[in-house]
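S.K.: Structure incoming, see below.
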């Protein structure tokens with residue numbers, strides 16, 4: 001996990017140990033754990049099983065599991081207005097493909113056709129990554145390590161656990177998400193509810209089809225614009241991602257918040 005200053009914060013809160021329960025039984029490479037590693041994970045799950053039972057015993061279906069911690073739709077405008085900015089966090093995912101970073105428009109003298117040379121782009125895997133904006137974090141955002149596979153609900157849950165353990169997501173925070181299926185999958189509903197109970201974080205879903213209200217989208221746009229600018233001078237996509245993210249400062253993220261939150265006044 002990366003943040004604006006590439007620092008790692010250790011958190012000593014007693015609730016942090018419960019976050020291990022939320023992780024799927026996978027090894028470091030993402031494969032399903034087996035052997036001794038699976039045995040250790042099973043011991044962790046067994047030790048905390050009573051906590052999980054208490055958190056989910058009154059729920060009738062996985063869809064209802066997080067209903068007490070979630071606001072969405074028409075409630076969004078009311079709820080977001082009452083949240084202090086340092087407690088308001090936005091999270092989203094993006095994919096990075098150099099073949100899609102070519103500009104789709106440009107400007108030329110009137111009456112003259114515009115010709116654009118697409119230029120060279122590096123061969124190799126595409127990447128996906130998760131980002132959480134936070135005005136209380138160094139640099140104004142925290143991002144996951146880029147992945148060469150598609151985002152899944154478990155990637156989303158794992159990133160939540162990582163930012164909570166690093167101290168960037170705490171009790172009283174409100175986490176705003178879009179309505180992507182990975183954010184409300186039944187596969188992680190029970191673990192997500194447990195995460196909310198343990199950390200004291202509340203979820204707030206954006207209105208449907210409203211990416212313009214998410215500062216993460218502006219952060220991604222700034223990152224990809226910088227990658228377009230430097231793509232012909234570098235030959236490594238990961239280096240380009242790091243270089244582009246280094247250009248984003250806290251004051252940029254403050255402007256992203258201002259732009260998205262003041263759209264309500266339009």
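Each reported figure results from applying straightforward, stated rules to the coordinates on display, with no laboratory input. Not measured: the values here are computed from a predicted model. Cβ atoms come from the backbone with ideal geometry, glycine included; neighbour counts cover every protein chain shown.
S.K.: When 129, 227 are ordered from fewest to most other Cβ atoms inside 10 Å of their Cβ, what list results? Write down the numbers at each step before the final one.
M.R.: Values: 129 22, 227 19.
Least crowded to most crowded, the residues run 227, 129.
S.K.: By count of other Cβ within 10 Å, fewest leading, how are 243, 208 ordered?
M.R.: Details: 243 17, 208 9.
Placing the least packed residue first, the sequence is 208, 243.
S.K.: Within 10 Å of each residue's Cβ, count the other Cβ atoms and sort 168, 87 from fewest upward. Walk me through the numbers on the way to the answer.
M.R.: Details: 168 21, 87 17.
Least to most surrounded, the residues fall as 87, 168.
S.K.: Per-residue counts of other Cβ atoms within 10 Å, averaged by peptide: what ranking do you get for 76-82, 173-179, highest first? Provide the component values of the computation, followed by the final result.
M.R.: Details: 76-82: 12.3, 173-179: 20.9.
Averaged packing, sorted descending, gives the order 173-179, 76-82.
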